[in-house]
Amino acid sequence: MDTHGRTLLAKIWDQHVVARLSDDTDLLHVDRHLLHDLGGSRGLIDLKSRNIPVHNPELTFATPDHAISTASGRAGTIKTGWELLAALRTETSASGIQLFDIDQPGQGIVHVIGPELGLSLPGCLIVCGDSHTCTHGGLGALAFGIGSSELTHVLATQTIIQRRPKTMRVTFDGKLPFGVTAKDLILALIGHVGAAGGTGYAVEYAGSAIRDMPIEGRLTICNLSVELGAKMGLIAPDDKTFDYIRGRPYAPKGEMWDRAVAAWRTLRSDSDAVFDREVSIDVGAIIPQITWGTSPEHVLGVDGRIPDPADITDPARRGAIEIALDYMGLTPGAPIAGTPVDWVFIGSCTNSRLSDLRAAAEVARGRKVAPGVRAWVVPGSETVKRDAVAEGLDKVFIDAGFEWREPGCSMCLAANGETVPPGQRSVSTSNRNFIGRQGPRARTHLASPAMAVAAAVSGAIADVRTMER
Amino acid sequence: MAQAFTKLTATAAPIMRTNVDTDVIISINRMIGNSARGSLGKWAFGSLRYLPDGSDNPEFILNREPYRQAEILVTGPNFGCGSSREAAVWSLQEMGIRAIIGSGFGDIFFANCFQNGILPVVLDKAIIDSLAAEIEASQGAGRLSVDLVEQTITSPSGSRHVFEIDPRRRAGLLEGLDEISLTLRRDQEIRAFQASDRDARPWIHFAGYQA
């Protein structure tokens, strides 16, 4: 018998074991399977070709997000984008799977709509063919990205074969300094432990800064877990979580709600639980973050200087920094602030929720996008869009010179014809600054929504703390 | 169903960059639409392999002899991080890669390799560096051996390194098993789980409370 208390991960994991396959590998029940346009129809077609029905279509939900245009009327959607959408419509309809189609409430980035609709619940096991599925861990769900073959396996069996990961706890303690957001905390953590620091772990985020953080910030924190190498990020659900979920379309109601909340209250790591790795971060020491290179671990405080390879003795690290600097077209040793930008992108499953748009609008209000900069705001879902319009945020952005667009993944992954042109520099609220991620030879700097607006109105990377009111 | 893997002796190519992500292995624009299985091999590492005018980049290792014939990659830390796209594995498989040896891999990429009959091997970074150095010293002429039965890697000069692998995954690769069929043999267990879970967590099972 284990003499220690149990972790949140262990509690949720054990509730989902259908069969133990080996000492450390289990067949787990999948409670929610989310499909998107890029891979969803292909999995359904694979299954059809093998004459296997979808095991639980009522636990499977689909929406187009990756390949559709976010231009008004979806005008820019490329031919293959329409084909993928048509296939998703045909195959979900044939299998009895709920599809949240374009221009309907419910459509949006799959990791925005899950929490918003009440599909993602504490203690739920959620999978999706997308690495940022870890986002839903912000509600206390065990959620992770899977590949195409695994996706087909889930459609066929409503289960997933999974090796139990090691556990890591990251404790963020302290009060967020002025101008510092959830995005800055998680970028600072990735800079600290590295892009592989969480590989093989499920990461639980804890500490006073997490407890004080609104749910949408927690979703942002968990979203970037995969950028520190972890497939899963988790935050214990609390009253704030329950308040966020209550009344959402697919959330339990009435007596069922009370039963669910009683069960969810047990979902926390015991005080004597032991983690395989512990990391503590004092958030009081963090300032607004910005990436300089081609991995999210290439990150700096906005007052920092671009690294100089001449200062690095390890040849592998020096080589990696040289390649990144060359791609990014930056001068070693120069301050990162003041670097001119061509594009600003506010959106993605990381930072496209209503609170993100409010934070961005707060900085944009009464200011103008600098000449020569193109700046987009892409709400994460149809619901986010409608709520933002009801508050007049769209008008704030449009008055400031931003383009206000339809919901979707857009320039985060540039699979939809929406790209940063070659050689141009973008400050983006998205999750990856990989080579070519926002388009061939595009240069991406990751930052929070407020920092992105600061760059848009300055025409250069800028410290938002000089602009926040 | 995944191709079976037992033993392989082949040309190996070191790709020692840190954090080679799946966007670099296959651009999203190559996998979008219906350009799926069978046509992805030529697009693996596209941004490194081709110059902007579309011609081969002579600097990239897989464009040089004898590395063009490589069936094994020796890789830097955190290879295959990032997006879950299985097309990254498909593109490597279609260009002839059967095994990838490195000090650490992106978790989802690692799982995707097994789904497609590619063996990913994790060894200490010092061993990886020595393998890469031997291969480079032989200008690619020295061949690596990967033996999944014995769980060993043998370097061109003959030094042997034992590697760990999850026994289930090893068995799956050796036999090329079809996981969907295997899991469906447990369908009674799955349905029994769902029936009892419907009582324990009815809010999960929509069919349960729509009725």
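Hey, got the Cα dimensions of the range A:413-469 along the principal axes, in Å, largest first?
That gives 36, 19, 17 Å along the principal axes, largest extent first.
Over the alpha-carbon set of the range A:298-439, work out the extent along each principal axis and list the three values in angstrom, largest first.
55, 31, 25
Mind grabbing the accessible area of A:Ser131 for me, 1.4 Å probe, Å², rounded to tens?
A:Ser131 exposes around 0 Å² with every protein chain in place.
Averaged over every viewing direction, what's the projected area of the C-alpha convex hull for chain B? Give it in nm², one decimal, please. Don't skip to the answer; put the middle values down first.
Details: hull surface 58.9 nm².
Mean projected area for chain B: 14.7 nm², to one decimal.
Could you provide, to the nearest whole Å², the per residue accessible area of the range B:86-211 with probe 1.4 Å? Each step should come with its number before you reach the end.
Values: 5230 Å² over 126 residues.
Accessible area per residue: 42 Å².
State, in square angstrom and to the nearest 100, the accessible area buried between chains B and A, both chains counted, probe radius 1.4 Å.
Working: alone 11420 and 17620 Å², together 23860 Å².
Approximately 5200 Å² gets buried when B meets A.
Under a 5 Å amide H to amide H cut-off, with H placed in plane at 1.01 Å, what residues pair with A:Ala375 once short-range neighbours are removed?
The answer is A:Val344, A:Glu403.
Can you list the residues of the range A:39-68 with backbone N under 13 Å from a point 7 Å past the Cα of B:Asp187, pointing along Cα to Cβ?
So the set is A:51-56.
At 7 Å along Cα-to-Cβ for each site, give me the label-to-label distance between B:Asp53 and A:Trp257 in nm.
Result: 6.7 nm between the two label points.
A:Ile45 to A:Arg317: extension gain in nm, 0.36 nm per residue of separation minus the Cα-Cα distance?
Working: separation 272, 0.36 × 272 = 97.92 nm, distance 4.40 nm.
Taking 0.36 nm per residue and subtracting the Cα distance, the gain is 93.5 nm.
With a cap of 12 neighbouring Cβ atoms within 10 Å, and only residues DSSP puts in a loop, list the chymotrypsin sites (Phe, Trp or Tyr not before Pro) found in the range B:50-85. Could you put the intermediate results ahead of the total?
Details: sites: B:Tyr50, B:Phe60, B:Tyr67, B:Phe79; in loops: B:Phe60.
When the chymotrypsin sites (Phe, Trp or Tyr not before Pro) of the range B:50-85 are filtered for loop state and at most 12 Cβ neighbours within 10 Å, nothing remains.
Averaged across orientations, what area in nm² does the convex hull of the alpha carbons in the range A:151-207 project? Don't skip to the end; give the middle numbers.
Details: hull surface 23.0 nm².
For the range A:151-207, the mean projected area of the Cα convex hull comes to 5.7 nm².
Give the relative contact order (percent, whole number) for chain A; include only Cα pairs under 8 Å separated by 6+ residues.
On the way: 1128 pairs, mean separation 81.3, N = 469.
Result for chain A is 17 percent.
Length gain on complete extension for the stretch A:Arg211 to A:Asp276, per 0.36 nm per residue less the alpha carbon to alpha carbon distance? Present the calculation step by step, with values, prior to reporting the outcome.
Working: separation 65, 0.36 × 65 = 23.40 nm, distance 2.22 nm.
My answer for the length gained is 21.2 nm.
Length gain on complete extension for the stretch B:Lys42 to B:Gln151, per 0.36 nm per residue less the alpha carbon to alpha carbon distance?
36.2 nm
Rounded to the nearest percent, how much of the accessible area of the range B:104-182 (1.4 Å probe, protein heavy atoms only) is carbon and sulfur?
Numbers: 1620 of 3250 Å².
Of the solvent-accessible surface of the range B:104-182, carbon and sulfur hold 50 percent.
Give me the mean projected area, in nm² to one decimal, of the convex hull enclosing the Cα positions of the range A:168-325. Provide the component values of the computation, followed by the final result.
Numbers: hull surface 44.9 nm².
Projected area, direction-averaged: 11.2 nm².
Strictly over 25 Å apart at the Cα level, which of A:Lys79/B:Lys42; A:Lys166/A:Lys253; A:Lys11/A:Lys166; A:Lys175/A:Lys240; A:Lys183/B:Lys42; A:Lys240/A:Lys385 would you flag in this model? Show your work: numbers first, answer last.
Numbers: A:Lys79/B:Lys42 22 Å; A:Lys166/A:Lys253 35 Å; A:Lys11/A:Lys166 14 Å; A:Lys175/A:Lys240 18 Å; A:Lys183/B:Lys42 37 Å; A:Lys240/A:Lys385 23 Å.
Beyond 25 Å: A:Lys166/A:Lys253; A:Lys183/B:Lys42.
For the range A:60-136, just run the numbers: alpha carbon Rg, then divide by 2.2 N^0.38 Å, N being how many residues it has.
Details: Rg = 12.9 Å, N = 77, 2.2 N^0.38 = 11.5 Å.
Compactness ratio reported: 1.13.
When the expected Rg is taken as 2.2 N^0.38 Å, what fraction or multiple of it is the alpha-carbon Rg of the range A:207-249?
1.24
With no solvent and one point on each alpha carbon, what is the Debye value of log10 I(q)/I(0) for chain A at q = 0.08, 0.10, 0.13 Å⁻¹?
Per q value, in the given order, log10 I(q)/I(0) is -0.44, -0.71, -1.22.
Any chance you could list P(r) for the range A:17-165, counting all Cα-Cα pairs in 10 angstrom bins from zero, rounded to whole %?
Reading upward from the zero bin: 12, 42, 34, 10, 2, 0.
The values are calculated or read from the model by the stated rules, or taken from the named source; none is laboratory data. Given the structure is predicted, the values throughout are model-derived calculations rather than measurements. Note that we place each Cβ from the backbone using ideal geometry, even for glycine, and neighbour counts take in every protein chain shown. What goes into the accessible areas is simple: the full protein's heavy atoms, side chains included, and nothing from ligands, DNA or RNA. Shrake-Rupley method; radii C 1.70, N 1.55, O 1.52, S 1.80 Å.
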